[in-house]
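Written below as structure tokens is the structure these notes are about.
The values are calculated or read from the model by the stated rules, or taken from the named source; none is laboratory data. No experiment lies behind these values; they were computed from the predicted model shown. With ideal geometry, Cβ positions are generated from the backbone for all residues, glycine too; neighbour counts draw on all protein chains shown. Areas reflect the complete protein model, heavy atoms only, side chains present, ligands, DNA and RNA absent. Shrake-Rupley method; radii C 1.70, N 1.55, O 1.52, S 1.80 Å.
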Amino acid sequence: MNKMESKMPKVSVIISAFNHEKYIADSINSVLNQTYKNFEIIVINDGSTDNTSIIIGEIANENKDKITFIDHKVNQRPKLSGNEGISLAKGQFIAFNDGDDIWYPTKLEKQMQMFEHDILQKIGLVYCYGKNINENSSRFRSEIEAVDVKEDVFSQLFESAFFFKISMVVRKEVIKAVGLMDERYPYCCDYGLMIRIAAEGFQFDRVPEVLV
């Protein structure tokens, strides 16, 4: 990392994986290949029974300066393991990926530019648009998840979770202010976190481009 990169805020990227041997290498490498370079990756294998742990271990050994690998032998639910990642994060910003999802190379760069231009630090969360990869033809999912943020984002979030968890970057101090994901609701704790951030009055912004 050069001097200019070291002056950039650090982003802690949390990747949760469970039986993702088919995708996990692409997921991790999509973060390693970001054009924005000041980041760490915390990969949490959540009790996988396939080769996910082996694949993560191999990549982590080759990138010890970037990757912290947590290898759970018992499943705790990947969404909840995100809280463990947050507690270990050293960065001023938190981002999420999952073991079966990928980022485009300029994702972090374009989102961090939004925070850089936010001189008054009113923006707590920046998301981007996302694209679904549908391998199950019997399950309908829209190809593109792309909705612009409204002025009243709190009300808007009650209409739907209109962006992917893997698309958002959040100031760590915002998560400290609202608390971790609520583990009482394992199927929607990321959605709950979004709502609580909005309820506390933090502003949302977006990069209007498919980056995940």
So what J values fall out for the range 17-24 if you push phi through Karplus, 6.51 cos²θ - 1.76 cosθ + 1.60 with θ = phi - 60°, rounded to Hz, Gly and Pro as x?
9, 9, 6, 10, 4, 6, 10, 4
How much accessible area per residue does the range 1-105 have, counting only protein heavy atoms and a probe of 1.4 Å, in square angstrom?
48 Å²
Calculated from DSSP helices alone, with each H run of at least 4 adding -39500 (n - 2.57) and the total divided by the residues of the chain, [θ]222 nm to the nearest 500 comes to -9500 deg cm²/dmol
Other-chain or far-sequence residues with amide H under 5 Å of A89's (modelled H):
none
Classify the range 81-212 as rounded, prolate or oblate, taking a ≥ b ≥ c as the square roots of the eigenvalues of its Cα gyration tensor: rounded when a/c is under 1.5, otherwise prolate if a/b is larger than b/c and oblate if not.
rounded
Determine the order of Y187, Y36 by accessible area, beginning with the largest, at a probe radius of 1.4 Å.
Y187, Y36
Theoretical FRET efficiency, 1/(1+(r/R0)^6), r = Cβ-Cβ of K64 and Q113, R0 22 Å, to 0.05:
0.15
Quick check: from the Cα gyration tensor, does the range 27-119 come out rounded (a/c under 1.5), prolate or oblate?
prolate
Need the list of lysines near K176 for cross-linking: C-alpha distance under 26 angstrom, and skip anything on the same chain fewer than eight residues off.
K7, K10, K37, K66, K79, K90, K107, K110, K122, K150, K165
With a ≥ b ≥ c taken as the square roots of the eigenvalues of the C-alpha gyration tensor of the range 169-212, please select rounded if a/c is under 1.5 and otherwise prolate if a/b is larger than b/c or oblate if it is not?
oblate
The chain, relative contact order [Cα under 8 Å, separation at least 6], %:
24 percent
Rounded to the nearest 5, what % of DSSP beta bridges with both residues in the chain are antiparallel?
20 percent
